[in-house]
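Inspection log for the structure reproduced underneath, given as structure tokens.
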Number of protein chains: 2
Amino acid sequence: MSFDSTIHAKAVDLAKLGYEMTAAAGSGHPTSSASLAHITAVLMYQHMRWEPANPLHPCSDRLVLSAGHACPVIYAACAELGVMIGADPQNWRPMTRDDAMTLRAIDSVVEGHPNPIEGFPFFDAATGSLGQGLSVAIGLAIAARIDNLDKRVFCIIGDGEAREGQIWEAVDQIAEMHLSAVCPIINCNGYAQSDQVSKQQTAEVITAKLEAYGLDAKLIDGHNPTEIQEALSAHAQAQFNPDSRPVAIVAKTVKGWGSASQQGHGHHGKPATGEDMAQALAELEATSVQVGATADTTLKIGLMNAERPVPKEQTEALTFLQACEKFGQKDLIEGGKCATRRAYGVALHALGYSHPDVVALDADVKNSTFAEDFYKDEELNDRFVECRIAEQNMFSVAAGLSAGNKIPFCSTFAKFVVRGYDQIEMAVNSGANFKIIGSHAGITLAADGPSQMSLPDVAWFRSFTTTQNKKGQPAFYVLQPCDAYQAYALTLAMAEYDGPCYMRTLRPNVEFLYGEADQFNLGGHELLAPGRDLMIVASGYMVHEANDALDILDAQGLDVALVDLYSLPFDDEAILDLANDANGMILTLEDNYGGGIGSAIADVVSASGDGFTVKQMFVKKIPKSGRSTDDLLAYTGLNAQNIAAQALEMLQLTPA
Amino acid sequence: MSFDSTIHAKAVDLAKLGYEMTAAAGSGHPTSSASLAHITAVLMYQHMRWEPANPLHPCSDRLVLSAGHACPVIYAACAELGVMIGADPQNWRPMTRDDAMTLRAIDSVVEGHPNPIEGFPFFDAATGSLGQGLSVAIGLAIAARIDNLDKRVFCIIGDGEAREGQIWEAVDQIAEMHLSAVCPIINCNGYAQSDQVSKQQTAEVITAKLEAYGLDAKLIDGHNPTEIQEALSAHAQAQFNPDSRPVAIVAKTVKGWGSASQQGHGHHGKPATGEDMAQALAELEATSVQVGATADTTLKIGLMNAERPVPKEQTEALTFLQACEKFGQKDLIEGGKCATRRAYGVALHALGYSHPDVVALDADVKNSTFAEDFYKDEELNDRFVECRIAEQNMFSVAAGLSAGNKIPFCSTFAKFVVRGYDQIEMAVNSGANFKIIGSHAGITLAADGPSQMSLPDVAWFRSFTTTQNKKGQPAFYVLQPCDAYQAYALTLAMAEYDGPCYMRTLRPNVEFLYGEADQFNLGGHELLAPGRDLMIVASGYMVHEANDALDILDAQGLDVALVDLYSLPFDDEAILDLANDANGMILTLEDNYGGGIGSAIADVVSASGDGFTVKQMFVKKIPKSGRSTDDLLAYTGLNAQNIAAQALEMLQLTPA
């Protein structure tokens, strides 16, 4: 029983350090950690193929801790194994026990919940908001499949956490795509935060569910080293057997394993201190003796078949005209009008050829977003991931793909992107490089009504543009193209940029305002018309409505400027200069609720103290269905006539 | 077979009108409708206990169409049955066939997706963003259980839609709470929007899943009237049998039933027009003959046991001091400091006694939000709904509770509220009355790190404050109390207000700034200190940091005003007047990303043209773990020293 006794010894050590580091931090989850002590020990000391000195090796197996609060047990193992850490990737160093004791300190890389970006590369993504890790694991596994890497991706999920529907979206995708490289491990310790888990989340019910979803679920004792090892081996054997169902492991464990005084209700997220800690450690010591824990066997850690994949060469993407020519879509240009969502489809298709790391993800609306241009091309189809009607899963899969060095483009209706806002924020926190395309943005889709309209989306994404990520970049770029050339160019620009972007595309066909020669950049804007009396700032569909308003105002002898503010953030000073040239009178237009580009302009203007006036037009009542875009613009007071009237009012003029 | 032949005849009529109304609209989903023609006919013409003349009768069975895009079939039945509709509840009138033909028109109550608020009271909630209806049905069923009403709640879900994890969160809750009044009906027509459904969403796999979750799943032919009726009867029989599992129905159907030319891939969301429509209708006619459709039996519709519940009387809630006294919690006041989340718990507890319609919902953090004050009281416990770690479900359950005339209070970490943003928006669109309490808001929780911090939340909710709902109210109120008295008072104010509110509570204990006599209103603010040199505008925790900054600035001889802006929206003119009194210099403070109260002030100031200056301090880099609140404030540059320095810079002064 030397393997068992050695794993027991490791487990006791990990559990102990869990208590010590959370006591030092003054918060954290030692009992959840203890429930995972054996599983962590078997995985990290024996079963996984990886190198502590090289935690990011592309061939190494991965471990995603979806139940992020249990991270002290992983930190404990990393400290003992000397896993490389450090805020500066050029200066990684082996983690020590002293590092572990800095858990949750402001100047420590040892975060309260897993996060690679602060300097802990062992983790692939930030977790801690529950239910997301299995989808991240799927993304890593799909990236590996594309790169022909045979690595496995282990994912530890809590039993209480298994109530999150996203877990089951992910299980569906594992079964559908036969992603046997992913190994879900459900840690059934019986307790959630505020209570015992529900009868729906017992090990037995979870096992039955996994089987009903088409997985081969192994129910084991999560503190029995041999049972753990055997279940993991069963997973390994099934990995390349097309006749085997993907294997999942359901582990019955004890929260606070080894320390009776820390078990039962009331110990979630509470470090033991003083006498309580002494007792917990003493009990662990006694348990250690009882289970015969002795480190009498050498465990093996290491990589096999560690040939790094050859990076695929990226080339310059075609221009819009070239791509339309190549793909037989010249009708898009010759028709005089083209929807921005169609141009996005062409651009994504072109990127499929020029950018071998681009992966396209869909949530069953590829024929509406035009991501189907990529899907229908057999040359590219293996880099298309159909996530079905399960947006949460899609965005976390994208985070995993990014960690696997892919460039995921996720497209769905802008309205449905909101289903994954938490997943998107966690991906931002992870430092992921991913792109979101929200089609049918704003009110212009009209007929389907507000259940399909994105209305507070610009406000939410704009909030991220006001803050910086670890690289000193805006945490998001928000892009709102108004014509097909611009949509095409911005899609290519997103692929070139290493960071999160959100682009809104439109349902209706719109006129061309730009051409092949026009250049667009993240952070840019375009002065479409100069003018001295007033400046209209708009983006997306509203640029077209503004153009019509300019005609009305011109007929009244007014000289009105028009700025296409297609990016957030933008160049504050340049916008203030333009406003200064336009009499300090600014009118902003949006097809969404407030807090978007109007507030962005208001922020800049009010900070300047220049005394300019900003009037904002946006959707000021909850919209409804209407048969045409014009119906909706009139209903919300946002058509060219409304705009012209507002401009005249600002200039204290009456309509001619 | 007269029941069958009559239902077939109804089904043909409903399918036909589905084609006609979507053709008139120019968009919509006739083939999804046709797949539901028999199920709709059996439910609405025979099985449900309800009255077309009284669609909101509290005793009537309910039908939630989760697959909202299939609504034409429901509209067709409502038009034939003369169900009451109308934008003005005082002037309802029976729906006609002509009304059906106004589908999706801007001046019609017949929306593109179900929505009660535009004038269609048969529906309980807006649907169309998928996966939410079953949770709404749960809310309706819980409300009925509280009111001792024996009604049943039918919910039609698409097979593609069943990929959404929220559906399975809801199934878990049905099984856990034994909510046999809910009847999930999965419509397995085999096609989603862009493709056939996955092998994970076949009728057989969905049946196996439902069984694994603990339901009794009846797999039937969804075009066989007798099979439908028998399955529904089995559901009825199980409703009050504690030994029966809750029954669900899985119906195999044909998308485009009755019209071969409309079946198969490529017909989702596409009305048939011209010759295509003529063919579809002719095929339906032929099918009608083939299945022996003859309306030769009188179907029965009506209510039984329709005794309306007696409304429960509401009384005035206790004050904070009275409540602390009653509940044995005087220590909260005597300690000198009290967290706003604690005061919320006391207020919720008090409302439990004074407001019999208040229902408390939790997502497994009741010991952190202090909703457990309500849960632990046996007098109130039957109005506490533990939704476990499944936030999406929680918010849609709240929408259902509101439709059942309850006042739901949903509490969880502010960070995890984002999991339900789509559900929240759909509830807003529905006109629901619900309250959200996000605890541990902003950065001040510190140690757990950004996976538990709400950072773009104020921007998102603020976006709703800029628009109006059907009642002409702001679509949301955002409340950020800074002390326990204020948190208590605002919780009571939320209960009194009929509409959506979001209140942020804080993890740390904070000093008392107010007392029993102070009054707080939605839309209000409080001038805590007058001042002529500059005005600081803050809310929540930042009010305390601002107070400390005032001391620093006062020592330098500066006279700085402090406004507690605890509500969004607020009184624009009053704030401008205060700014005018303070030299037109405004400094805003937030513990979240931008787009919150700073932008709200910037909007008002820049619209005024008064030339005031607004500098905004907020979280300008993605935060990390730190062991104390002060660590985080220093890390993000938001502590009293930083604030004082920014104020001095605005006044072009240097620190003394």
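Taken over the Cα atoms of segment B:438-590, the convex hull encloses 120 Å³ per residue. Got the relative contact order for segment B:138-282 handy, in percent, Cα pairs under 8 Å and 6 or more residues apart? This gives 24 percent for segment B:138-282. Once the Cβ-Cβ distance of B:Glu204 and A:Ala260 is raised to the sixth power relative to R0 = 56 Å, the FRET efficiency obtained is 0.75. Rounded to two decimals, the Cα-based Rg/Rh of chain B, with Kirkwood Rh, is 1.04. Length available on full extension from A:Ala234 to A:Asp107: 0.36 nm per residue minus the Cα-Cα distance, which gives 41.5 nm. Remark: segment A:81-174 carries 24 Å² of accessible area per residue (probe radius 1.4 Å; ligands, DNA and RNA excluded). Can you give the FRET efficiency to the nearest 0.05 for B:Asp610 and A:Asn521, using r as the Cβ-Cβ distance and R₀ = 41 Å? According to the calculation, E is roughly 0.75. Classify the protein assembly as shown from the C-alpha gyration tensor, please: rounded if a/c falls under 1.5, else prolate or oblate depending on whether a/b exceeds b/c. Note, shape of the protein assembly as shown comes out rounded.
Of the listed residues B:Glu372, B:Glu590, the order by accessible area with a 1.4 Å probe, largest first, is B:Glu372, B:Glu590.
Using the Cβ atoms and a cut-off under 13 Å, what net charge is assigned to the surroundings of B:Gln196, where Lys and Arg are +1 and Asp and Glu are -1? Before the final figure, lay out the partial values.
Numbers: positive: A:Arg388, B:Arg163, B:Lys199, B:Lys255; negative: A:Glu176, A:Asp364, A:Glu386, B:Asp159, B:Asp195.
Once positives and negatives cancel, what remains is -1.
Taking the centroid of alpha carbons for each part, segment A:586-656 and segment B:252-293 are 45 Å apart.
Solvent-accessible surface of segment B:252-405, averaged per residue with a 1.4 angstrom probe and all protein chains in place: 45 square angstrom. Evaluated at q = 0.13, 0.19, 0.31 Å⁻¹, a Debye calculation over the C-alpha positions of segment B:176-230 (equal weights, vacuum) places log10 I(q)/I(0) at -0.39, -0.79, -1.26. The orientation-averaged shadow of the Cα convex hull for segment B:17-88, equal to a quarter of the hull surface, comes to 5.2 nm². Chains A and B together bury roughly 9300 Å² of accessible surface, counting both sides and using a 1.4 Å probe on protein heavy atoms. Each label was represented as a point 7 Å from its Cα along the Cα-to-Cβ direction; for A:Asp98 and A:Asn405 these points are 3.4 nm apart.
Comment: the Cα-to-Cβ extended label point of A:Asp98, at 7 Å, lies 8.6 nm from its counterparts in the other copies, nearest first.
The alpha carbons of segment B:81-122 stretch over 22, 20, 16 Å along the principal axes, in descending order.
Please give the length that would be gained between A:Lys621 and A:Asn509 if that part of the chain were fully extended, namely 0.36 nm times their separation in residues minus their C-alpha to C-alpha distance (nm, one decimal).
Once the chain is fully extended between A:Lys621 and A:Asn509, it gains 37.8 nm.
In a reduced charge model with +1 at each Lys and Arg Cβ and -1 at each Asp and Glu Cβ, segment A:359-451 shows a dipole moment near 260 debye about its Cα centre.
Under the simplified labelling scheme, the B:Lys470-A:Glu211 pair shows an inter-label distance of 4.8 nm, with each label point 7 Å from Cα along Cα→Cβ. Residues of segment A:437-471 that bury at least 50 Å² of accessible area when the other protein chains are present, relative to the chain alone (probe 1.4 Å, heavy atoms, ligands and nucleic acids excluded): A:Asp448, A:Ser451, A:Pro456, A:Trp460, A:Ser463, A:Thr466, A:Thr467.
Divide the volume of the convex hull around the Cα atoms of segment B:506-656 by the residue count and you get 118 Å³ per residue. Taking a straight line from the alpha carbon of B:Lys252, these aspartates and glutamates sit under 14 Å away, with near neighbours fewer than eight places off in the same chain left out: B:Asp159, B:Glu204, B:Asp221, B:Glu227. Between A:Ala529 and A:Thr226, the simple spin-label model (points 7 angstrom out along Cα→Cβ) gives 8.3 nm. For segment A:187-288, the calculated P(r) over all alpha carbon pairs, in 10 Å bins from 0 to the bin holding the longest distance, is 15, 34, 29, 16, 5, 0 percent. Scanning chain A for the Cβ atom closest to the axis that brings A onto B yields residue and whole-Å distance A:Gly165, 1.
Sparsely packed loop sites in segment B:261-360 (the trypsin sites (Lys or Arg not before Pro) outside DSSP H, G, I, E and B with at most 13 other Cβ atoms within 10 Å) comprise B:Lys300, B:Lys312, B:Lys330. Label-point spacing at A:Asp216 relative to the other copies reads 3.5 nm, in ascending order, each point sitting 7 Å out from Cα along Cα→Cβ. How much of the DSSP bridge set in the protein assembly as shown is antiparallel, in percent, rounded to the nearest 5? If we restrict to bridges inside the protein assembly as shown, about 15 percent are antiparallel. Remark: segment B:250-337 is approximated by an ellipsoid whose semi-axes, taken from the C-alpha gyration tensor as √(5λ), come to 64, 24, 12 Å, largest first. Note on exposure: B:Glu20, B:Glu51 ranked by accessible area (1.4 Å probe, complete protein assembly) read B:Glu51, B:Glu20, with the most exposed listed first.
Which FRET efficiency value, to the nearest 0.05, do you get for B:Ser244 and A:Thr297 by plugging their Cβ-Cβ distance into 1/(1 + (r/R0)^6) with R0 = 60 Å? Once rounded, the FRET efficiency stands at 0.65. Distances, shortest first, from the label point of A:Ala282 to those at the same position in the other copies read 9.2 nm; the point lies 7 Å along Cα to C-beta.
Ordering B:Asp382, A:Asp548 by accessible surface, largest first, gives B:Asp382, A:Asp548; the 1.4 Å probe counts only protein heavy atoms, with every chain in place.
Surface composition of the protein assembly as shown: carbon plus sulfur atoms contribute 47% of the solvent-accessible area (1.4 Å probe, protein chains only, all chains present). Adding -39500 (n - 2.57) for every DSSP H run of four residues or longer, then dividing by how many residues chain B holds, sets the calculated 222 nm ellipticity at -11500 deg cm²/dmol. Taking a 25 Å limit on the Cα-Cα distance, which of the listed pairs A:Lys270/B:Lys415; A:Lys199/A:Lys415; B:Lys199/B:Lys255; B:Lys435/B:Lys470 fall beyond it? Cα-Cα > 25 Å for A:Lys199/A:Lys415; rest within.
The values are calculated or read from the model by the stated rules, or taken from the named source; none is laboratory data. The structure presented is a predicted model; accordingly, all values stated were derived computationally and were not measured. Quick reminder, even Gly has a Cβ in these numbers, built from the backbone with ideal geometry, and neighbours come from all protein chains shown. Just the protein is used for accessible areas: all its heavy atoms, side chains included, with ligands, DNA and RNA removed. Shrake-Rupley method; radii C 1.70, N 1.55, O 1.52, S 1.80 Å.
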